[in-house]
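To keep things clear, I will list the structure first and then write my remarks on it.
Each reported figure results from applying straightforward, stated rules to the coordinates on display, with no laboratory input. Please read all numbers here as calculations on a predicted model, not as lab measurements. Cβ placement follows ideal geometry from the backbone for every residue including glycine, while neighbour counts extend to all protein chains displayed.
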Ligand SMILES: [Zn+2]
Ligand SMILES: [Zn+2]
């Protein structure tokens, strides 16, 4: 019997690990820290490889008509605005809340939680949905013919990653830091990324709601995990499980001896609550990573879009500098060979000398970074919502 229960525990642990690896690979596989690891390969398989095999399989079995149908579904789902992920978000939060209410509310009030948590939990979820709606349906900072000149004034060109350009689709000048979103078919100021979950761009005006959404949902996960933990601790207390284990079964009253028996008892009686706790903890950790990444960007006044631009720029500059240094080194060695009055020692020195390529340093000069206080203020109160922006508007019109 015990072996059977232990087996179930191991299955649960393996299931949890596999789920965690798949979720982390899918969502974070492109992060630089996973470069060259199996996480990146799983990410590639999940996001591209598996789909490619599926398409080839369908093509071989059902013919090209079927493949075309799938491709048009893909076009609708990935390249056009659509509410599929928005519905999925509402489903996830609704179903999770339903399961929590169904399996946990019976134990509230409990030994550690008072009745008020029934209402707090409902309100925190309501605020979460409100932030979701705010991010989804607010204007991200659409650039149009009327406001483009003000945006150009607000965001000067740095002539490094942004220079004067026209949007080939909108036929208006492209302010620095803006980007044309091909899914929404509009130019967005201080463009960060197009968010499928929100079915909206994240840009100048709604980055603040997006950040609040991430932080709030992270806090919801922490609250949920802790609250369910306290419910289970309350159940242990109510049933005097520790006393029974130590007094009746004579198990030593130490954490190491008690923990396996307590976990076994909880898994047997409260598996739904434990699964919910694990789910909330995993989602919470992912949200923490995502929020941390975006907070770092906000603090240095960079956008997700700009991180790619900087990567390209730095790569290009490094190659250019390396080529220059190599050419210089070659020139020196040729002139060294031609001069015959070199002392013998210099050969050794040349041999052990530092490689000139080690000195190649490319500096990232982000002119929009004006100190973290200013940067945070720019996210909380975007330029286009400030009075100075409107004053400029009145002056010119
Ligand atoms: Zn455009
Ligand atoms: Zn968009």
### Task
Treat each spin label as a single point 7 Å out from the Cα along the C-beta direction, and report the residue 14 to residue 57 distance in nm.
2.2
### Query
Per-residue ellipticity at 222 nm for the chain, helices alone: DSSP H runs ≥ 4 residues times -39500 (n - 2.57), over residue total, nearest 500 deg cm²/dmol?
-21500 deg cm²/dmol
### Message
Test of understanding: what is the full-extension gain from residue 295 to residue 244, defined as 0.36 nm times their sequence separation minus their Cα-Cα distance?
### Response
13.5 nm
### Message
Sorting check: for 87-98, 153-164, which peptide has the highest mean count of neighbouring beta carbons within 10 Å, and how do the rest follow?
### Response
153-164, 87-98
### Query
What are the extents of the Cα atoms of the chain along their three principal axes, listed from largest to smallest and rounded to whole Å?
93, 75, 58
### 0 to 90° range, to nearest 10: angle between helix 304-338 axis and the chain longest Cα axis
50
### Task
Taking only Cα atoms and a 10 Å spring cutoff, compute GNM fluctuations for the chain and point out the largest among 300, 269, 25.
269
### Theoretical FRET efficiency, 1/(1+(r/R0)^6), r = Cβ-Cβ of residue 21 and residue 44, R0 22 Å, to 0.05
0.95
### Task
Answer rounded, prolate or oblate for segment 99-198, using the Cα gyration tensor with square roots of eigenvalues a ≥ b ≥ c: rounded when a/c is under 1.5, else prolate when a/b is larger than b/c, else oblate.
prolate
### Task
Give, as ranges by residue number, the residues of segment 191-229 whose backbone N falls under 17 Å from the point 7 Å along Cα→Cβ of residue 118.
228
## Note on the structure
Along principal axes, largest first, the alpha-carbon spread of segment 210-298 in whole Å comes out as 57, 21, 16
### Query
Rounded to the nearest 0.05, what FRET efficiency do residue 223 and residue 64 have when you use their Cβ-Cβ distance and R0 = 45 Å?
0.30
### Spin-label pair residue 323/residue 77, simplified geometry with 7 Å Cα→Cβ offset, distance in nm
4.3
## Note on the structure
So the angle from the long Cα axis of helix 271-299 to the longest Cα principal axis of the chain, reported in degrees to the nearest 10, equals 20
### Task
Specify the angular offset, from 0 to 90 degrees and rounded to the nearest 10, of the alpha carbon long axis of helix 84-104 from the longest principal axis of the alpha carbons in the chain.
30
### Query
Between residue 31 and residue 171, 0.36 nm times their residue separation minus their Cα-Cα distance comes to what?
47.0 nm
### Query
Using the Kirkwood formula over every pair of different C-alpha atoms, what hydrodynamic radius in Å results for segment 1-79?
15.3
#### Entry: Dimensionless Rg/Rh of segment 195-353 - Kirkwood Rh, Rg from C-alpha atoms
1.38
### Message
Which residue fluctuates most in the GNM of the chain (Cα springs below 10 Å): 332, 86, 40?
### Response
332
### Query
Order of 378, 322, 35 from fewest to most other C-beta atoms within 10 Å?
35, 322, 378
### Query
When the chain is modelled as a GNM with alpha-carbon springs shorter than 10 Å, which of 211, 314, 198 fluctuates the most?
314
